[in-house]
Each structure stands twice: as structure tokens, then as C-alpha cells.
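The values are calculated or read from the model by the stated rules, or taken from the named source; none is laboratory data. Just so we're clear, the structure is a prediction, and the values are computed from it rather than from any experiment. Cβ placement follows ideal geometry from the backbone for every residue including glycine, while neighbour counts extend to all protein chains displayed. Just so you know, the surface numbers come from the protein's heavy atoms only, side chains and all, with ligands and any DNA or RNA stripped out. Shrake-Rupley method; radii C 1.70, N 1.55, O 1.52, S 1.80 Å.
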Amino acid sequence: MSDCLFCRIVSGEVPGSVVYHDEQVTAFRDIRPQAPTHILIVPNVHLTSTEEVRPEHISLMGRLIQLASELARQEGIAASGYRLVLNTGPDAGQSVGHIHLHLLGGRRFGWPPG
Ligand code: AMP
């Protein structure tokens, strides 16, 4: 989708701080980091939110989580721990309409979230 910011980062049309890219998924640093490590992991295909996930996307969604774990190791936060977040819709504060898994780490997070 040409009007989707994250599709444009995936395609390289908009510059991003890309840390990983393959034919399925792309990971780039969040422009407003909320933690020392804050990476967004997105499917290359445009899916607006988890509400669009269908059975054919199950392995793709698993890949997002598996890549998060790989990147956490690379970032040196696997042992200390990290948080994975998928915001869906207005009550969760989703601000970009393209599924993105937040990988956050390098500091302690509270629970429950505010
Ligand atoms: P969410 O609120 O879950 O939809 O998260 C959207 C995230 O995208 C926020 O953390 C933003 O800081 C981040 N973001 C917005 N624009 C960009 C961009 N051009 N490059 C990287 N991250 C971005």
C-alpha cells in the first residue's frame, strides 16, 4: 500500500533505521524509542492490524516473534528480559495501520500497563 508509512519503509521508499530485512519481514528502530532498545518488527505484506490475521498468516506471525527473540540476543537484552507489544485499535493506542511488533528492552517495565 503506497500510502502506508511502514510499507514505504519496507520498500526502502522512506528511510528507516533498518536492522533486518528479508522477503517476509523487516525490523527497524522506532523513531521515538521508549526504551534503550526499541525495534519494530513488521510483516512485509500489508496487514492493518491483528484483526486481519488469517490462518495463512500464522507462520508469518510466528516469524515476527522468533525474529524478536533473535534481535533481543543481538541487542544483549535476552537475559535481562524484554517486552513484546502488539497494539490493536484505538483503545490500545495503535497509531500506524500496519502490524508491528514492538521489541522493548534495556530497562525495567511496570505491569499492568497504564
Ligand atoms: P503504535 O502506537 O503501536 O501504533 O506504534 C507505532 C510506532 O511507530 C510508535 O512507537 C512510533 O514512534 C513509531 N513510528 C512512527 N513513525 C515512524 C518512523 N518513520 N520510523 C520508525 N518508527 C516510527
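Per residue, how many Å² of accessible area does the chain show with a 1.4 Å probe? Numbers along the way, then the final one.
Values: 6690 Å² over 114 residues.
Heavy-atom SASA per residue in the chain reads 59 Å².
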*Where only alpha carbons of the chain are counted, the Rg and the Dmax (Å)*: 13.6, 39
*Scan around V19 for amide H atoms under 5 Å from its own, H built in the peptide plane at 1.01 Å from N, and keep only partners 5 or more places away or cross-chain.*
A27, F28, R29
*If you rank V45, V19 by how much accessible surface each has, with a 1.4 Å probe, what is the order from largest down?*
V45, V19
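At 1.4 Å probe size, with the rest of the protein present, what percent of the exposed accessible area of the chain is carbon and sulfur atoms? Mind dumping the intermediate values first?
Values: 3540 of 6690 Å².
It is 53 percent, rounded to a whole number.
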*Taking the Cα centre of the chain as the origin, how large is its charge dipole in debye, to the nearest 20, when only Lys and Arg (+1) and Asp and Glu (-1) carry charge on their Cβ atoms?*
500 debye
*Degrees between helix 58-75 axis and first principal axis of the chain (Cα, 0 to 90, nearest 10)*: 40 degrees
*Fully extended, how many nm does the chain gain between Q66 and R32 (0.36 nm per residue separation, minus their Cα-Cα distance)?*
9.9 nm
